[in-house]
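The structure under discussion appears below in the form of structure tokens.
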Amino acid sequence: MAGPPVVPRAVAPGGHVTNLPPGERLRVLLVEDDEGDAFLVGELLAETNSMIDLLVATSLSEARQRVAGVDCVLLDLGLPDAQGLDGLRRVLELAGGAAVCVLTGRSDEHLGIVAVAEGAQDYLVKGQVDGVLLTRALRYAVERKRADENARRLREVELRQAESARLERGLLPQPLMTTDQVSVHTFYRPGRHAALIGGDFYDVVQTRPDRIDLIVGDVCGHGVDEAALGVELRVAWRALILAGVPDEEVLPALEQVLMSERRLQEIFATVATTRLDLADRRAIVRLAGHPPPLLLSGGKVAPVPAPGGLLLGVRPRRPVAFDLEFDADDWSLLMYTDGLIEGRVGTGDDRLDVPGLTELLGDPASRGVPLAELPAWLVGRAEQMNGGPLADDVAMLLVSRGAGR
């Protein structure tokens with residue numbers, strides 16, 4: 001069985017194939033069932049040294065097998081297995097990132113105009129183009145397609161950035177607090193992936209003059225779905241606190257929300273909650289697979305020894321409450337996500353982890369840092385030890401009373 005028509009390549013004067021740098025040559029697939037017209041197109045390109053490699057398919061089914069890797073498809077609208085705009089639409093679907101130019105007969109010129117409206121980059125009329133015009137049209141079509149693709153990608157980036165901004169507003173709310181007995185400093189920084197914010201979230205809600213609830217959480221993953229789930233969990237937690245749901249029932253209810261809203265059964269979340277009772281100088285801390293808060297008081301730093309608990313969404317079980325008493329009126333409580341402590345320390349595989357973070361806060365240099373700047377200072381030191389930006393998102397709540405340490 002005869003193969004596709006053999007079409008001349010671009011040839012320099014003297015009969016030698018031009019030796020051009022890689023990437024300069026275009027690959028064009030001509031879909032044309034008339035061997036004479038196909039040969040003519042090849043001749044036009046060859047006589048202008050067009051730097052175009054021409055492949056030929058005589059039907060749409062054959063084009064489907066040869067379209068991979070081409071820069072442009074030059075399509076005749078009258079094929080054995082595809083006619084008119086229907087054939088064009090099918091070629092546009094299979095062309096992917098390749099440009100598509102329509103090749104029409106003189107009587108079909110009006111159809112070529114409609115074809116451009118359908119998505120073709122250009123149309124050419126048989127018998128009305130020479131080699132220079134054909135080469136220019138094909139190259140311009142490829143550049144227009146690339147420009148269109150770049151504009152589309154830019155628009156996608158802009159939409160993703162706007163989406164991230166909306167999600168960030170949901171994940172990182174303003175604390176709902178009126179008291180001046182304590183101060184709260186918040187911090188959030190995306191990880192180096194930075195294309196999207198992750199599922200880290202926090203919130204602060206005051207329900208009585210002497211009672212403040214705080215939460216820091218992290219949904220596993222960095223996609224839009226995980227970020228949206230983090231927003232849902234934060235909003236659900238705030239609603240539960242404002243509704244006066246008993247403290248021990250809040251996290252089980254939050255876990256129900258997680259399990260009903262997650263897109264995959266493998267999705268889980270870690271959470272740390274604290275209920276401050278300012279009048280009694282105490283707090284109740286609950287952890288669900290989350291690193292413990294750090295207490296700064298009396299010039300010392302120590303992790304709150306609350307039981308670690310299970311991740312939310314793995315096996316429903318109530319986190320154990322830990323009763324924390326404040327021995328002085330000057331203290332700070334730092335709540336954070338694990339992105340802060342997962343950075344490397346030195347050149348080995350050691351991580352900063354909770355002991356390393358405790359040492360950073362106990363460093364004499366940290367005592368000269370204002371409380372409002374302390375979270376950012378910690379991230380800066382963690383990145384310095386990591387040798388670069390932290391890979392994961394970091395969210396922090398620093399709640400302080402009196403001098404704060």
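The values are calculated or read from the model by the stated rules, or taken from the named source; none is laboratory data. Everything numeric here is computed off the predicted structure, so don't read it as measured data. Every residue, glycine among them, receives a Cβ derived from its backbone with ideal geometry; neighbour counts consider all protein chains shown. The protein model used for the area step is the full one, side chains on, heavy atoms only, and it has no ligands, DNA or RNA in it. Shrake-Rupley method; radii C 1.70, N 1.55, O 1.52, S 1.80 Å.
Brief remarks follow.
- Counted residues, the stretch 242-275 - those being touching a residue at least 40 places away in the same chain (Cβ under 8 Å), open to solvent by less than 70 Å² (accessible area, probe 1.4 Å) and farther than 19 Å from Phe201 by Cα: 1
- Restricting the stretch 97-119 to residues that are open to solvent by 50 Å² or more (accessible area, probe 1.4 Å) and of a type in the set (Gly, Ala, Ser), the residue that is nearest to Val70 (Cα to Cα): Gly97
- From the options Leu40, Leu74, Leu30, residue that is open to solvent by 10 Å² or more (accessible area, probe 1.4 Å) and of a type in the set (A, V, I, L, M, F, W, C): Leu40
- Taken over the stretch 77-91, residues that are closer than 14 Å to Val67 by Cβ and open to solvent by 50 Å² or more (accessible area, probe 1.4 Å) amount to 1.
- Residues that are closer than 21 Å to Gly362 by Cβ, assigned to a strand (DSSP E or B) and open to solvent by 60 Å² or more (accessible area, probe 1.4 Å) within the stretch 280-324 comprise just one, Lys300.
- Number of the condition not met by Thr347 [criteria: (1) within 24 Å of the chain's Cα centre (by Cα); (2) part of a loop (DSSP other than H, G, I, E, B)]: (1)
- Count - residues of the stretch 45-74 that are at pLDDT 90 or above and in contact with a Gly (Cβ under 7 Å, 6 or more places away or on another chain): 1
- Across the stretch 207-222, the number of residues qualifying as touching a Gly at 6+ places or on another chain (Cβ under 9 Å), within 22 Å of Phe268 (Cα to Cα) and assigned to a strand (DSSP E or B) comes to 3.
- Listing of helices (runs of 4 or more DSSP H) fully contained in the stretch 41-140 that carry 2 or more residues being free of Cβ contacts under 8 Å to residues at least 40 places away in the same chain and among the acidic types (Asp, Glu): 84-95, 109-118
- Positions within the stretch 141-157 being hydrophobic (A, V, I, L, M, F, W, C) and in contact (Cβ under 8 Å) with a residue 60 or more places away in the chain, in sequence order: Ala141, Val142
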